[in-house]
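What follows is a short report on a single structure.
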Amino acid sequence: MHVLILGGTSEGRRLAEALVADPALRVTSSLAGRVAQPRLPAGEVRVGGFGGAAGLAGWLRGHRVDALIDATHPFAETMSRNAAVAAAETGVPLLALRRPSWLPEDGDRWHPVPSLAAAADALPGLGARVFLTTGRQGIAAFAHLDALWFLARSVEPPVAPMPASAEVLLERGPFALDGERELLRAHRIDVLVTKDSGSAATAPKLTAARELGLPVVVVQRPAAPQGVRTAPDLAGAVNWLQELRSQASG
Ligand SMILES: NC(=O)c1ccc[n+]([C@@H]2O[C@H](COP(=O)([O-])OP(=O)(O)OC[C@H]3O[C@@H](n4cnc5c(N)ncnc54)[C@H](OP(=O)(O)O)[C@@H]3O)[C@@H](O)[C@H]2O)c1
């Protein structure tokens, strides 16, 4: 059985690692190619876009893919939509691996917003020194906020335009609570901006913000494609593949 994992996340990598141990599976992971030195998943890896939903459908047919797992980041909206369209067109079974959203806890001062633009609108009322963790493509939405200072953290250098007053921190998670607490204190941060990625690797910043009583602007996830089966974790994905194999052999 040939399984294609649409990756670019720690879940995608962990899933590939779990599946390659099974000799009955051929496992290919697909990466977008945004990161210069990605952490490569186990098994076969291909890099770069497919050329839209039609390109992905062609790839699924051409490489005789039997199961497609969308393990992309919850904000990779286009890729997830293309996966749904290509799966419907080719009849290849699709599962979306979606980690649950973060949930606020007692003491959190979260401001949920529907988009990066809405996050930018909310900021001036919340603080002047901003810790921005929306990824390198998410920084441009804040470029017009001249009165604010930004600490912008991303894996790769940000895409222009940048805010006039910004310091860039090139770092890749996971991030530990001690370091996040120290970062917020050292830069005298008074508001944090994040996407609701739901990742454990980047959640300590939320704990640090809670401890310091800081507001957090949380960009909510885009809607997932309708009618796609989802699993919240690796075990769910492994079970789904098992179901497919039972159906195929039965
Ligand atoms: N968005 C985030 O905040 C975020 C955060 C962490 C990691 N990531 C990862 O970074 C990658 C790009 O994210 P994005 O938000 O830019 O995606 P996107 O906007 O949904 O996708 C844009 C295009 O990039 C290509 N692409 C995306 N993911 C791909 C994959 N896994 N394999 C092959 N091509 C892919 C596709 O090109 P074609 O149409 O040519 O096929 C897609 O149409 C994803 O793999 C995602 O898991 C994203």
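The values are calculated or read from the model by the stated rules, or taken from the named source; none is laboratory data. All figures in this text were calculated on a predicted structure; none of them were measured in a lab. Note: ideal-geometry Cβ built from the backbone for every residue, glycine included; neighbour counts use all protein chains shown. Calculation scope for accessible area: heavy atoms of the full protein, side chains included, ligands and nucleic acids excluded. Shrake-Rupley method; radii C 1.70, N 1.55, O 1.52, S 1.80 Å.
Check 128, 88, 117, 96 and return the single one that is on the phi < 0 side of the Ramachandran plot and open to solvent by less than 20 Å² (accessible area, probe 1.4 Å).
On the way: 128 fails: open to solvent by less than 20 Å² (accessible area, probe 1.4 Å); 88 fails: open to solvent by less than 20 Å² (accessible area, probe 1.4 Å); 117 fails: open to solvent by less than 20 Å² (accessible area, probe 1.4 Å).
Going through 128, 88, 117, 96 in turn, the sole match is 96.
Within segment 170-220, being buried (at least 17 other Cβ atoms within 10 Å of the Cβ), in a loop (DSSP other than H, G, I, E, B) and not acidic (Asp, Glu) holds for 173, 175, 189, 197, 198, 199, 203, 214.
Going by what's in this entry, would residue 74 be described as within 20 Å of residue 237 (Cβ to Cβ) and within 15 Å of the chain's Cα centre (by Cα)?
Values: within 20 Å of residue 237 (Cβ to Cβ): yes; within 15 Å of the chain's Cα centre (by Cα): yes.
Judged against the criteria, residue 74 is a match.
Consider segment 131-163 and keep the residues that are away from the ligand (no atom under 16 Å from the Cβ) and without any contact (Cβ under 8 Å) to a residue 24 or more places away in the chain. The one that is least open to solvent (accessible area, probe 1.4 Å) is 150.
Can residue 45 be described as over 16 Å from the mean Cα position of the chain (by Cα), more than 13 Å from the ligand (Cβ to nearest atom) and open to solvent by 20 Å² or more (accessible area, probe 1.4 Å)? Criteria not met by residue 45. Out of 56, 60, one residue alone is touching a helix residue (DSSP H, G or I) at 6+ places or on another chain (Cβ under 8 Å), within 13 Å of the ligand (Cβ to nearest atom) and farther than 29 Å from residue 157 by Cβ. It is 60. Whether any residue in segment 24-33 is touching a strand residue (DSSP E or B) at 6+ places or on another chain (Cβ under 7 Å), open to solvent by less than 60 Å² (accessible area, probe 1.4 Å), more than 30 Å from residue 204 (Cα to Cα) and more than 15 Å from the ligand (Cβ to nearest atom) is what I want to check. The answer is yes, given that some residue of segment 24-33 is touching a strand residue (DSSP E or B) at 6+ places or on another chain (Cβ under 7 Å), open to solvent by less than 60 Å² (accessible area, probe 1.4 Å), more than 30 Å from residue 204 (Cα to Cα) and more than 15 Å from the ligand (Cβ to nearest atom). For segment 164-210, a residue qualifies if it is closer than 22 Å to residue 149 by Cβ, of a type in the set (Asp, Glu) and touching a residue at least 24 places away in the same chain (Cβ under 8 Å), and the qualifying residues are 180, 190.
What's the total number of residues in segment 3-12 that are over 20 Å from residue 93 (Cα atoms) and either among the aliphatic types (A, V, I, L, M) or more than 11 Å from the ligand (Cβ to nearest atom) (or both)? Counting residues in segment 3-12 that are over 20 Å from residue 93 (Cα atoms) and either among the aliphatic types (A, V, I, L, M) or more than 11 Å from the ligand (Cβ to nearest atom) (or both) gives 0. In segment 223-230, the condition of being of a type in the set (Lys, Arg) and either part of a loop (DSSP other than H, G, I, E, B) or outside the structural domain of residue 6 (by TED's automatic domain parsing) (or both) is met by no residue. Considering every residue within segment 70-79, establish whether at least one is open to solvent by less than 50 Å² (accessible area, probe 1.4 Å), within 9 Å of the ligand (Cβ to nearest atom) and charged (D, E, K, R). Looking for residues that are open to solvent by less than 50 Å² (accessible area, probe 1.4 Å), within 9 Å of the ligand (Cβ to nearest atom) and charged (D, E, K, R), one finds at least one in segment 70-79, hence yes.
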